[in-house]
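See structure below.
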Amino acid sequence: MKKINYRKSLVFLMLAMALITMFFASCKTAEDSFEAVSDDMTKPGPVSNAKVENIDGAARITYTLPNSKNLLYVLARYSINDNRVRETKSSYYTDTVMVDGFAREKDYDVTLYAVSRANVMSDPIVVKVHPKTPNYIAVNTGFNITADFGGASFFGLNKNRASLSVHLLVYNDKTKSFDEQEPEYVSSDTIDVSIRNLNPVPYKVGVYTKDRFGNTSDTVIKTVTPLFETLLDKKKMATYRLPSDAPIYPGWDFKYFFDGSLGEPGWHTLSAPRTFGTMSLGVSAKISRFVIWQRPSDYYGYQNTRKFTFWGSTVNNPADSPLPTNSAEGTVAGDWVNLGNFVFPNPPSGLAPNQANAADKDFVSKGVNFKMPRTAQPVKYLRYEVTQTWGGLDYVHALEINLYGSVQ
């Protein structure tokens, strides 16, 4: 057996520890001096010839860069409201900086600095900007607030697709204050949000909007009287199977889609060229809205519904008939009329469906609300046609549906 030289081993160990210590020390030094990418402490010249293009809640400033070989970026520093100062940087590869987040349509001073690779700042120049009406104000003042089934509807345009939160209020006579529901986060060009579960008596409702910079609009208040709405009685509903309805996975009949339970089973089909499920409402009803629950745990994926169409019929015992694909709302085919085409919302986080986070899945697990078009006629029968699943499959999972409206 070879004899171990403990003294040499100890020396080697101490040397290794010293090298490791030196390595981490050098790493720390590099981290601490990350900003210092140059030893040239020459002050760069300022930018010049600044020109301003004012836009909604923001301004685009162009300029001439200084002739400084050591230039790294241009820094814009400015107040956007009474409480917050923002800084925006723009690389030396461009001659433009965008300044945004302004709270009001008025004059603001923006201070520009040229900054070197050694983090040396030039003398400042001050540019005056006058942004146009910020998006959060334009959206909030533009809301059309109207009475809706069981509540109030807030419809408006968001032409710049700004990321906003919309806060809906309803006055509480008992507390003499406004109750606020969970905010709606929007970034689409059209906003259509609602207050629900109100009786058909006058209410004061309100709305205010916030942007991602912390700016908050004034509150717009209006008195509305909601239209009568009730949850349709599921005990009166029944499966009305037609020959073109999709084949059923054993034990997952269409009746479980409206059995009042959020547990499994739900509706589960087998592969089919087109996926239909048909039901009798047991009454004639004008449907105002509905809530759909997807099957867990495959939210935003697999066989869960992404796009779908509701067909309705006023005829007693309506006949099966070929229904056109990609039809427009109001299309009539045999005993059936297209009541509306719908798309499940994408994850509120903005992530791709297959990357949806826990908050996105929690949003879907509570049920997703859809408005039926006001033009939809009262019906006695419904056909639920799934035209696309999140996974692009030709069979479907669906857990439960609640239908709201008024019985005729």
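The values are calculated or read from the model by the stated rules, or taken from the named source; none is laboratory data. Computed from a predicted model, the values in this text were never measured in an experiment. In this analysis, Cβ positions are derived from the backbone assuming ideal geometry, glycine residues included, and neighbour counts consider all displayed protein chains.
Here is a check on your reading of the model: is Ser91 farther than 30 Å from Leu169 by Cα and under 33 Å from the mean Cα position of the chain (by Cα)? So Ser91 fits the description; yes. If only residues of the range 106-143 that are part of a loop (DSSP other than H, G, I, E, B), in contact (Cβ under 8 Å) with a residue 40 or more places away in the chain and within 27 Å of the chain's Cα centre (by Cα) are counted, the one that is farthest from Ser187 (Cα to Cα) is Pro131.
Name the single residue that is farthest from Leu393 (Cα to Cα) among those in the range 257-276 being touching a Ser or Thr at 6+ places or on another chain (Cβ under 8 Å) and surrounded by 15 or more Cβ atoms within 10 Å (Cβ to Cβ). In this case the residue turns out to be Phe276.
For the range 307-332, give me each residue that is crowded, with 21+ Cβ neighbours inside 10 Å and either not in a strand (DSSP E or B) or not hydrophobic (A, V, I, L, M, F, W, C) (or both). Steps first, please.
Going through the range 307-332, the residues crowded, with 21+ Cβ neighbours inside 10 Å turn out to be 308-313, 318.
The answer is Thr309, Gly312, Ser313, Pro318.
For the range 186-208, the candidate set comprises residues that are modelled with pLDDT of 90 or more and in contact with a Ser or Thr (Cβ under 6 Å, 6 or more places away or on another chain); within that set, the residue that is nearest to Phe342 (Cα to Cα) is Ser194. Against the condition at pLDDT 90 or above and farther than 25 Å from Ala238 by Cα, how does Asn326 come out, does it pass? In short, yes.
Would you pick out the residues in the range 388-408 that are under 19 Å from Ser313 (Cβ atoms) and β-branched (Val, Ile, Thr)? The answer is Ile401, Val407. For Asn338, the criteria (1) crowded, with 17+ Cβ neighbours inside 10 Å; (2) touching a residue at least 60 places away in the same chain (Cβ under 8 Å) hold in every case but one, which is (2).
Within the range 193-206, does at least one residue satisfy the condition of being outside the structural domain of Lys286 (by TED's automatic domain parsing), touching a helix residue (DSSP H, G or I) at 6+ places or on another chain (Cβ under 9 Å) and under 26 Å from Leu403 (Cβ atoms)? So that I can check it myself, show each step before the final result.
Filtering the range 193-206 for residues outside the structural domain of Lys286 (by TED's automatic domain parsing) gives 193-206.
Keeping just the survivors that are touching a helix residue (DSSP H, G or I) at 6+ places or on another chain (Cβ under 9 Å) gives none.
Among the residues of the range 193-206, not one is outside the structural domain of Lys286 (by TED's automatic domain parsing), touching a helix residue (DSSP H, G or I) at 6+ places or on another chain (Cβ under 9 Å) and under 26 Å from Leu403 (Cβ atoms), which makes the answer no.
Does at least one position in the range 280-289 carry a residue that is of a type in the set (Val, Ile, Thr) and more than 31 Å from the chain's Cα centre (by Cα)?
Taking the range 280-289 and keeping what is of a type in the set (Val, Ile, Thr), we get 283, 287.
Subsequent filtering for residues that are more than 31 Å from the chain's Cα centre (by Cα) retains 283.
Within the range 280-289, one or more residues are of a type in the set (Val, Ile, Thr) and more than 31 Å from the chain's Cα centre (by Cα).
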